[in-house]
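Here is the structure we will look at, set down as structure tokens.
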Amino acid sequence: MSVQLPPLNTINNPQEAKPGWNLLDLGIPEPDDFRFGEVQASCGEVAVRAVEWAANQCLQGQLAAMVTAPINKEAIHAAGYVNDIGHQEILARLAGVSQTATMLMTPGLRVVHLSTHKSLAEAVRFVTRDEVLAKLHLIHNTLSQWGVTNPRIAVAALNPHGGEGGLLGREEIEELAPAVELAQGDGIQAVGPLPADSVFNRAIAGEFDVVLALYHDQGHIAIKVHNFHESTTATMGVPLVRTSVDHGTAFDIAGQGIADATGMKAALDAALAIVAGRLGELVSH
């Protein structure tokens, strides 16, 4: 199936860009054996090098923001990038930072993750007072810079029903509640831990500006059930603006011209809003 592309202005550096669509030639050789819908190490190499180029341009102040399409984790591992599980890890490596976070956004709901690319067993061990407190500071500071003034942050519980007073787990008592109390003492508008089966609905109703989810699927499922097609991600903790679509590479439909571009448009809109410090206006209840 052929797709009609808009007129493209081919350029060799960002300074040559004109209003409209520009195709930037990075000088990276295309894979000789490219095949649609297959994991290939050569494609993983190209993907990582393109992300690195854009990130370095942002870090040098040459670009205001970067918006990324999905990358295939198997492909980048096949290319030898064994420590770069995804965009977030690549950006942290280039920026030299140790604390980052992924924020998922869709109209009416924002979710930041305490951890993302960890097994469930690892993610549970990551739920500590210090990690939660540090993430609450990161959320507060970043959202304030992006245009959400004094953000109201809800912390999701880890265990069913918030642990039932310790009967179903003690993380809420020993780690989460102390972290929230310390954050409140630092002037952060945080509450919780709140049962995960109701906190996202309360955020959608407008009670909170963002929810801190404690592991990958806890937050991703809530966002994607609420509004999958307009969901996007933004990376916190790096000195640049990076947004992305909130879906995978969809190798099963690659090359067929039927992919839905709604998420990419939303990611572009989010990047523009963050650069302008108006994120609170873009993702409102």
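Quick note: the coordinates plus some simple rules give every number you see, no bench work behind them. None of these values were measured; they are calculated from a predicted model. Glycine also receives a Cβ, built like all others from the backbone with ideal geometry; neighbour counts cover every protein chain displayed.
Miscellaneous remarks
- Computed per residue of the chain from DSSP H runs no shorter than four, each worth -39500 (n - 2.57), the mean residue ellipticity at 222 nm is -11000 deg cm²/dmol.
- Cα gyration tensor shape for the range 1-97, rounded if a/c is under 1.5, else prolate or oblate: oblate
- Averaging the sequence gap over all C-alpha pairs within less than 8 Å and six or more residues apart, then dividing by the number of residues, gives the chain a relative contact order of 24 percent.
- Only lysines eight or more places from LYS18 in sequence, or on another chain, were considered; those with a Cα closer than 23 Å are LYS265.
- When LEU240, LEU120 are arranged by Cβ crowding within 10 Å, least crowded first, meaning fewest neighbours, the order is LEU120, LEU240.
- Part-to-part distance (alpha-carbon centres) for the range 205-231 and the range 240-262, which is given in Å: 19 Å
- Loop-resident sites, the range 1-57, for chymotrypsin sites (Phe, Trp or Tyr not before Pro), counting at most 13 other Cβ within 10 Å (DSSP): PHE34, PHE36
- Over 36 Å [Cα-Cα, the range 9-282], rounded percent: 17 percent
- Exposure proxy ranking for GLU30, GLU207, GLU131, GLU175, based on other Cβ atoms within 10 angstrom of each Cβ and starting from the fewest, stands as GLU30, GLU207, GLU131, GLU175.
- Straight-distance candidates among the lysines for linking to LYS118, with alpha-carbon spacing under 17 Å and chain neighbours fewer than 8 residues away dropped: LYS73, LYS135.
- Residue list for the range 206-228, given a label point 7 angstrom along the Cα-to-Cβ vector of ASP252 and an amide N cut-off under 14 Å: none
- In plain terms, the residue of VAL127, VAL48, VAL39 with the fewest other Cβ atoms within 10 Å comes first and the most crowded comes last, giving VAL39, VAL48, VAL127.
- Beta bridges per DSSP with both ends in the chain, % antiparallel, nearest 5: 45 percent
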